[in-house]
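Scroll down for the structure; my scribbles are underneath it.
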Amino acid sequence: MERTPGSVAMKLSNLASLDERLAARGIKGLSGASTLDRQVWAEFHAQHEALAPESEALLAKLLTGDADSAIEVQPEAITVLRAPEGPTESTASVKVRRGQRYFRQAVLNAYNGRCAVTGLGIRDLLVASHIVPWNVAEQHRLDPQNGIALNALHDKAFDRGLITFDTQLRLVCSKALKDHFADATVAQSFQALEGKPLTVPAEAAGPKAEYLEWHRREVFGR
């Protein structure tokens, strides 16, 4: 990037001054955001679905020299993962994979790498669970507010409509799931957590209400 760490930090602080969610929490950032900073910020948010995968590729190329390298971005470190194996992928599938990777990292990092239901903090056991599925949410696929960090079990239950979350973000179990509450494992994993609200870090926006409404209407209890 040909910038010092201090210069990069200052640029990020300038961009932070443009973030409405940070401003709502009383975080102002620096006041030196330029006209170009504002243009870049507006363009990225206006074309998020296209530019998020592109940003993933640019970061990978910067770090490894290969735009298609798989990287895992966490607040404390960036890890280069094993490159995918198999035949060369089409441009479309590469873009999809980059977008999915970006979405996973954005969602898991928003929840501090922990399941929003159980608090499980083993990243390999977590899923960036889409509220409105990938094949339905064409305009919102990469919106982090369309995702919740869930462990694999609760992700599957959410995907199958066995659980959802109400307007207060509290866990709700379907009748089909309640029929199995006599099972000790089900009781421990679901009944004991019913009514518990999602744990959403103060700095995160959390799931968007309209997405959860869609899930309750179209997926839950089907």
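The values are calculated or read from the model by the stated rules, or taken from the named source; none is laboratory data. Since we're looking at a predicted model, the values are computed, not measured. Don't worry about glycine lacking a Cβ; one is built from the backbone with ideal geometry, like all the others, and counts go over all protein chains shown.
Taking region 170-198, which residues are touching a residue at least 40 places away in the same chain (Cβ under 8 Å) and out of contact with any strand residue (DSSP E or B) (no Cβ under 9 Å at 6 or more places or on another chain)?
Within region 170-198, the subset touching a residue at least 40 places away in the same chain (Cβ under 8 Å) is 171-172, 174-176, 193, 196, 198.
Selection gives Lys175, Ala176.
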Can you work out which of the residues in region 91-137 that are surrounded by fewer than 22 Cβ atoms within 10 Å (Cβ to Cβ) and of a type in the set (Ser, Thr, Tyr) is farthest from Ile71 (Cα to Cα)?
Thr118
Restricting attention to region 165-217, the residues that are more than 23 Å from Gly121 (Cα to Cα) and of a type in the set (Phe, Trp, Tyr) number exactly 3
Just to check your reading of the model, which residue among Arg141, Arg160, Arg216, Arg170 is basic (Lys, Arg), modelled with pLDDT under 95, within 22 Å of the chain's Cα centre (by Cα) and within 19 Å of Ala128 (Cα to Cα)?
Arg141
Restricting attention to region 42-82, and to residues there that are small (Gly, Ala, Ser) and in a helix (DSSP H, G or I), which single residue is surrounded by the fewest Cβ atoms within 10 Å (Cβ to Cβ)?
Ala46
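Can you list the helices (runs of 4 or more DSSP H) found entirely within region 113-222 that contain at least 2 residues being acidic (Asp, Glu)? Walk me through how you get there before you give the answer.
Numbers: elements: 152-159, 175-178, 184-189, 209-218.
Output list reads 152-159, 209-218.
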Identify, please: which residue in region 12-41 is polar (S, T, N, Q) and part of a loop (DSSP other than H, G, I, E, B) and is, among those, modelled with the lowest pLDDT?
Ser31
Output the number of residues of region 36-54 satisfying the condition of being touching a residue at least 40 places away in the same chain (Cβ under 8 Å) and aliphatic (A, V, I, L, M).
1
Would you pick out the residues in region 106-136 that are among the small types (Gly, Ala, Ser) and in contact (Cβ under 8 Å) with a residue 12 or more places away in the chain?
Ala106, Ala110, Gly113, Ala116, Gly119, Ala128, Ser129
